[in-house]
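See below for the structure under consideration.
The values are calculated or read from the model by the stated rules, or taken from the named source; none is laboratory data. This structure is a prediction, so every number in the text was calculated from the model and none was measured. Virtual Cβ from ideal backbone geometry, glycine too; neighbours counted across all protein chains shown. Side chains are part of the model used for accessible areas, which takes the heavy atoms of the whole protein and leaves out ligands, DNA and RNA. Shrake-Rupley method; radii C 1.70, N 1.55, O 1.52, S 1.80 Å.
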Amino acid sequence: MSSGMFEISYAISYGRLGTPMAAYLDELGGPLSKREIDDLTDWLRGQVALEPYNPSFDAVAGDIEVGKAVYAEHCATCHGTSGEGGTGTALGNPAMLSLTSDQFLKFAIENGRDGTDMPAFDETLSTDEIDGVTAFLRSRATGWAVEKPVLRAPPAAGDYVLNPDSPLATFDLKEDLYVLSADLLKALEEKKRVVLLDTRPMSQWLMVNIEGSVPLPYYYDFSDFAVLAKDLPNDGTMIISYCECPRAAAEYVNDKIRKHGFNNTAVLWEGIGGWVSFGYPVFRGEASVLDAADLQ
Ligand code: HEC
């Protein structure tokens, strides 16, 4: 793999904390092995007929103060005054900064990104300014207090059903398939019996999930479903799948489960993204969050 490909394989492997990009590496709870990610990266590389991009890993020495001024004037409108992102990506994202080299940042700044809003600055900024803003971005990487995520083990096989001794949760399904977040919240608050399946990659479940949900990623091998099936209730208890897409992965899983003879199933209409935006409760791993003060 050429050096420029490491950034891509890192992004796929480790994801970007604080963004919807999940970690896909198996060691982190994702579905792919290192080998599969390397193959995928090579394939992606083959899709773009561009000059090979082979920057060195040499650090870029620049004046951070110069860079800070350049950032405020030329970058903050799109990338956010505190690197939190806007129409541009979150340059203050600690995962992005820790997984990219100085040369990668500088290359993006000099050449821009074709087909996106990211302009090329090689003609509008001097070399000192480009080196400065690169060094400024790098200087942000050390300022982040990246806390170790607090991870929690998934529920054990016998604990999939929430409130097992309570009456069944019942729902008015939209289009015979969808449960609205407000109705699910009500059922959970009333401690009704229900099963929640989180169909996103495990790495996302570990970061944030609806309390009590069972991780069942969409890439689960459903030909092997018998093992799981014996731990899922088929007694009228609603099995509700959710994802972030907002529904595609959940619908896929829901479909597989129905094919295995479970008829009381549904999909969360708004997905976990909608659920979160309503301010409904979730369990969160303590993932690092951008601290705006660090960018001042
Ligand atoms: C008009 C909006 C805009 C401005 C101004 C802008 N950017 Fe960007 N920038 C973007 C967008 C959009 C992307 C994402 C491009 C993509 O999808 O690959 C990006 C990507 C980048 C990346 C690559 C990050 C990654 O995650 O791969 C770097 C580094 C970057 N910008 C630095 C800068 C710097 C430094 C400045 C100021 C000198 C700047 N940008 C100004 C919109 C902007």
Handout entry: Given (1) out of contact with any Phe, Trp or Tyr (no Cβ under 6 Å at 6 or more places or on another chain); (2) modelled with pLDDT of 95 or more, index of the condition Val253 fails
Key = (1)
Problem - Residue pairs meeting the criteria (Cβ under 6 Å; at least 6 apart or on separate chains; first outside the structural domain of Ala72 (by TED's automatic domain parsing), in the range 114-141; second charged (D, E, K, R) and near the ligand (Cβ under 8 Å from one of its atoms)) - result: none
Practice task
Of the numbered conditions (1) in contact (Cβ under 8 Å) with a residue 60 or more places away in the chain; (2) over 21 Å from the mean Cα position of the chain (by Cα); (3) open to solvent by less than 40 Å² (accessible area, probe 1.4 Å), Glu65 fails exactly one; give the number of that condition.
Solution key: (3)
Exercise for the section: Could you tell me whether Ala72 is surrounded by fewer than 19 Cβ atoms within 10 Å (Cβ to Cβ), more than 9 Å from the ligand (Cβ to nearest atom) and without any contact (Cβ under 8 Å) to a residue 60 or more places away in the chain? Expected result: yes
Practice task
Might you let me know whether the range 234-241 holds any residue that is open to solvent by 40 Å² or more (accessible area, probe 1.4 Å) and out of contact with any strand residue (DSSP E or B) (no Cβ under 9 Å at 6 or more places or on another chain)?
Solution key: yes
Practice task
Hey, could you check the range 78-113 for residues that are within 6 Å of the ligand (Cβ to nearest atom) and among the hydroxyl-bearing types (Ser, Thr, Tyr) and say which is nearest to Ala23 (Cα to Cα)?
Solution key: Thr89
Exercise for the section: Report yes if some residue within the range 91-110 is part of a loop (DSSP other than H, G, I, E, B) and modelled with pLDDT of 90 or more; otherwise report no. Expected result: no
